[in-house]
Structure formats: structure tokens, C-alpha cells
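Notes follow the structure.
The values are calculated or read from the model by the stated rules, or taken from the named source; none is laboratory data. Not measured: the values here are computed from a predicted model. For neighbour counting, all protein chains shown are included, and Cβ atoms are generated from backbone atoms with ideal geometry for every residue, glycine included.
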């Protein structure tokens with residue numbers, strides 16, 4: 001029981017400090033309070049605080065040095081694809097810069113994944129892709145759409161039968177989920193990208209790698225245009 005309590009406490013510290021760092025409340029170079037003061041402020045034991053610092057250090061957010069203390073590290077040292085780091089970035093609402101970088105990552109990865117899926121998918125994986133597309137067609141609201149959209153893109157990566165790509169999805173899932181909600185919310189009709197998804201599905205079904213690559217490129221490019229239009233519109237307002 002004590003072990004569970006200790007884990008819960010150090011997990012709370014990880015979440016609290018991680019959100020402050022990624023959200024910008026604690027800036028790179030900032031020196032954290034001394035251990036005893038920080039433990040008292042956060043109402044945890046020094047043992048729980050030390051465990052939390054080990055986790056934050058492993059994520060690249062802080063570094064501890066003898067006689068200096070614990071400092072917040074520059075973002076270039078953060079493990080940007082760590083599930084927690086991504087979740088903290090999304091929780092503080094993605095900045096335009098972060099959205100553009102996520103789009104660039106999608107442009108690099110997803111067209112190639114679609115082409116690979118067209119070459120390697122099996123009947124079971126194709127069925128899962130079709131089910132995800134059907135769920136998108138039948139989505140009655142934005143939340144249902146975003147969940148089905150995420151399932152579709154996961155199904156594409158799974159259909160590559162490349163374990164490295166499949167594991168990559170589990171890392172970027174939080175960021176993609178947030179992005180799909182933002183993208184659909186900025187469109188007049190949240191199902192605006194359904195035809196693109198249908199063309200990707202058809203290309204994979206017909207085992208046409210280059211067609212799958214091109215249609216996925218168009219889908220991501222259209223998503224970029226939609227987000228950029230929204231950004232310009234917000235600037236005018």
C-alpha cells in the first residue's frame with residue numbers, strides 16, 4: 001500500500017513539474033528550489049521528489065549537478081516524442097510552430113506508410129481499415145470523427161507490418177489525436193477530408209503503392225492548407 005502511495009506521489013510531482021516546464025512556466029536555465037523546499041512546497045517526501053526528478057531527467061527536461069542544483073534544460077534536449085512530453089505540449093494547446101512541425105512530420109512519414117501498407121497489408125488489416133473508414137462516415141459529431149480518424153491512421157501504420165512504424169504511432173498518438181480535433185474544428189464541415197481517406201483506402205485495397213502515397217500526400221497537404229487558412233483568419237480577427 002505504501003509503495004502505491006509513493007508511486008502516486010512521485011507521479012503527481014512528475015506531472016506538475018513536467019507541465020510547468022513544457023508549458024513555459026519554468027524556463028530553460030531556471031534553477032529549481034532546493035530539495036527540501038521543493039518537497040515541502042509540493043507536499044511530498046524527499047524520496048518521492050528524488051524519484052520524480054529521475055523521471056524528468058530521463059525525459060531530458062532537467063539536469064542535476066553537484067553544488068549547483070537542478071536546472072531546466074533547453075527544449076532541444078527534451079525527448080519530444082516521449083508520450084508525457086507530447087501530452088503536456090498538447091494540454092497547453094499546440095502553438096502554431098508545434099502544429100507546423102507536426103504537419104511536417106506527417107508529410108515525411110504518412111505517405112511512405114500508405115505506400116508500404118498497399119504493398120504489405122493482409123486481409124485482417126484491410127478489414128480494420130475499412131471499419132475505421134466506415135466509422136468516419138457514420139460519425140455524428142466531432143469527437144466520434146476524431147476517434148475514427150485516429151483509428152484510420154493507426155490502421156494504415158499497422159498495415160505496413162513494420163513494427164518500428166507501429167510503435168511510432170503509440171508515441172505520437174496524443175499529438176495526432178489533438179491535431180485531428182483541431183483540423184476538423186477549423187473546417188466548415190468536420191468530414192471535409194472523408195474523400196481523401198476513401199482514396200487512400202481504395203489505393204491500399206487495390207495494392208497501388210504510388211497511388212496510396214500520392215493520395216496521402218494530398219490529404220496531409222489539404223490539412224496543412226486548412227490549418228493555415230484558419231491561422232490567417234485568426235490573425236485578421
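Here is a list: 143, 149. Which entry is at pLDDT 90 or above, assigned to a helix (DSSP H, G or I) and in the same structural domain as residue 227 (by TED's automatic domain parsing)?
149
When the stretch 115-131 is examined, which residues are found to be part of a helix (DSSP H, G or I) and buried (at least 21 other Cβ atoms within 10 Å of the Cβ)?
Matches in the stretch 115-131: 115, 116, 117, 118, 129.
For (1) outside the structural domain of residue 215 (by TED's automatic domain parsing); (2) in contact with a helix residue (DSSP H, G or I) (Cβ under 8 Å, 6 or more places away or on another chain), each residue gets a yes or a no:
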{"residue": "13", "(1), (2)": "yes, yes"}
{"residue": "16", "(1), (2)": "yes, yes"}
{"residue": "34", "(1), (2)": "yes, no"}
{"residue": "38", "(1), (2)": "yes, yes"}
{"residue": "45", "(1), (2)": "yes, yes"}
{"residue": "63", "(1), (2)": "yes, yes"}
{"residue": "69", "(1), (2)": "yes, no"}
{"residue": "99", "(1), (2)": "no, yes"}
{"residue": "104", "(1), (2)": "no, no"}
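Which residues, counting only those in the stretch 45-96, are closer than 23 Å to residue 170 by Cα and part of a loop (DSSP other than H, G, I, E, B)?
Result: 59, 60, 61, 78, 79, 80, 81, 82, 92, 93, 94, 95.
Keeping to the stretch 73-90, report how many residues are surrounded by 15 or more Cβ atoms within 10 Å (Cβ to Cβ) and within 11 Å of the chain's Cα centre (by Cα).
10
Only one residue in 32, 9, 26, 38 is farther than 28 Å from residue 167 by Cα, surrounded by 12 or more Cβ atoms within 10 Å (Cβ to Cβ) and modelled with pLDDT under 90, so which one is that?
9
When residues of the stretch 44-62 are filtered for being crowded, with 16+ Cβ neighbours inside 10 Å and closer than 16 Å to residue 20 by Cβ, how many remain?
10
Looking only at the stretch 180-200, which residues are more than 23 Å from the chain's Cα centre (by Cα) and in a helix (DSSP H, G or I)?
Hits for the stretch 180-200 are 195, 198, 199.
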